[in-house]
Amino acid sequence: MTIDWLHFTPWASLAGGILIGLATALLLLANGRVAGISGILGGLLRPSRGDIAWRVTFILGLFVAPLVWLTMRAMPPAQIDHSPALLTIGGLLVGIGTRFGNGCTSGHGVCGIARLSPRSLLATACFLAAGFVTVFIVRHVLGR
Amino acid sequence: MNLVTAFLAGLLFGGGLILSGMSNPAKVLAFLDVAGTWDPSLLFVMLGAILVAAVAFRFARTRVRPLFGSQIHVPGAGRIDTPLVLGSVTFGIGWGLVGYCPGPALTALAVGGRSTLLFVAAMVAGMAIFEVAERIRAGNEANRGGTRAAAGPSGE
């Protein structure tokens, strides 16, 4: 293992993480909701009365965040050069998997671990392991 | 009022993803590439987020209701079952293929170009496929339950 010191951003990432934690705290204490993004988005596909508007406005906040960011400074680049087929397969797997497993990096990885939920600890270990193995196969076995 | 706080929470969450570098799929993939030149930044994102969230969840336990709402919806202990493991592994494979998980993908939507749009469309389609499958499964189960309930009393 070689550390990528050139791109390693401990302070910005820690500060960004703290912002994510504050957002989680705000949604929990003000609205009584857990900030699991896949759950918030997925809930819109199972609409029930009085449970739609807060989901839409939360997601709207996610959309608007880069636009607000751009008024202050340049956006960090988003490097993405995958083929349309790979983007589609990846998107489908993320969509199905997060709903089937009941959470993603935010729901299980942040909120679940913060509550020391055994379910979330296991889920996080599973998706991290699957991510490590997938990148290993793609980059070091298939050599892409 | 709870719509304002939901919007602000989304804004803050998105800002955190941008500041931390997680809205860039290449940075996430660099974290997942432990055998290559490894960028441990994501660990620091999780550390910051979990520490703050842990305080909030602890504090939430002392509250009966949220500021703008009637109930604090925190999931119960829940079972560790096959869907949890299979779903998480499936998600992890998709995450490792592209480098986007749901939050960063939605955040990057306005600025991420067609690739991000395609990923988000496929992700929502995946969620819809799950929803349809769930409804079919629930329907089948209700049918089975229905026949059993109908057979029950007549059998006695």
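Taken as a whole, the condition of being within 14 Å of the chain's Cα centre (by Cα) and at pLDDT 95 or above does not apply to A:THR88. Let me spell it out: the conditions are (1) open to solvent by 40 Å² or more (accessible area, probe 1.4 Å); (2) within 7 Å of another protein chain (Cβ to nearest Cβ); (3) more than 16 Å from the chain's Cα centre (by Cα); (4) not β-branched (Val, Ile, Thr), and B:ALA26 meets all of them except one. Which number is the exception? With (1) open to solvent by 40 Å² or more (accessible area, probe 1.4 Å); (2) within 7 Å of another protein chain (Cβ to nearest Cβ); (3) more than 16 Å from the chain's Cα centre (by Cα); (4) not β-branched (Val, Ile, Thr) applied to B:ALA26, the lone miss is (1). Condition check: in a helix (DSSP H, G or I), at pLDDT 95 or above and buried (at least 22 other Cβ atoms within 10 Å of the Cβ). Does A:ILE20 satisfy that? Yes. Quickly run through segment A:23-42 and pick out the residues that are more than 17 Å from the chain's Cα centre (by Cα) and either at positive phi or open to solvent by 40 Å² or more (accessible area, probe 1.4 Å) (or both). Passing the criteria: A:LEU26, A:LEU29, A:GLY32. Selection of segment B:48-76 for residues being over 18 Å from the mean Cα position of the chain (by Cα), of a type outside the set (Lys, Arg) and surrounded by fewer than 16 Cβ atoms within 10 Å (Cβ to Cβ) yields B:LEU51, B:VAL55, B:PHE59, B:THR62, B:VAL64, B:LEU67, B:SER70, B:GLN71. Scan segment B:77-90 for residues that are surrounded by fewer than 17 Cβ atoms within 10 Å (Cβ to Cβ) and hydroxyl-bearing (Ser, Thr, Tyr) and the total you get is 1.
Restricting attention to segment B:78-99, the residues that are facing chain A (nearest Cβ under 7 Å) and either among the basic types (Lys, Arg) or touching a Ser or Thr at 6+ places or on another chain (Cβ under 8 Å) (or both) add up to 9. Taking B:THR37 as the residue in question, decide whether it is of a type in the set (S, T, N, Q), within 30 Å of A:PRO10 (Cβ to Cβ), open to solvent by 10 Å² or more (accessible area, probe 1.4 Å) and facing chain A (nearest Cβ under 7 Å). It is true that B:THR37 is of a type in the set (S, T, N, Q), within 30 Å of A:PRO10 (Cβ to Cβ), open to solvent by 10 Å² or more (accessible area, probe 1.4 Å) and facing chain A (nearest Cβ under 7 Å). Tell me whether segment B:1-15 contains one or more residues that are more than 15 Å from the chain's Cα centre (by Cα), more than 7 Å from chain A (Cβ to nearest Cβ) and under 30 Å from A:TRP69 (Cα atoms). Yes, because at least one residue in segment B:1-15 is more than 15 Å from the chain's Cα centre (by Cα), more than 7 Å from chain A (Cβ to nearest Cβ) and under 30 Å from A:TRP69 (Cα atoms). Taking segment B:110-128 as the range and being touching a helix residue (DSSP H, G or I) at 6+ places or on another chain (Cβ under 6 Å) and open to solvent by 40 Å² or more (accessible area, probe 1.4 Å) as the test, the residues that pass are B:ALA110, B:VAL111, B:LEU118. When segment B:81-140 is filtered for residues that are out of contact with any Pro (no Cβ under 8 Å at 6 or more places or on another chain), farther than 14 Å from A:LEU93 by Cβ and not in a helix (DSSP H, G or I), the ones remaining, listed by number, are B:ASP81, B:LEU109, B:GLY112. The condition of being facing another protein chain (nearest Cβ under 7 Å), of a type in the set (Lys, Arg) and within 14 Å of the chain's Cα centre (by Cα) does not hold for A:ARG115. Would you pick out the residues in segment A:43-81 that are closer than 19 Å to B:MET1 by Cβ, aliphatic (A, V, I, L, M) and either open to solvent by less than 30 Å² (accessible area, probe 1.4 Å) or part of a helix (DSSP H, G or I) (or both)? Within segment A:43-81, A:ALA53, A:VAL56, A:ILE59, A:LEU60, A:VAL64 meet the criteria.
The values are calculated or read from the model by the stated rules, or taken from the named source; none is laboratory data. Note that this is a predicted model, so its numbers are computed, not measured. A quick note on method: Cβ atoms are made from the backbone with ideal geometry, for glycine too, and the neighbour counts reach across all protein chains shown. These accessible areas exclude ligands, DNA and RNA; they are computed on the full protein's heavy atoms, side chains included. Shrake-Rupley method; radii C 1.70, N 1.55, O 1.52, S 1.80 Å.
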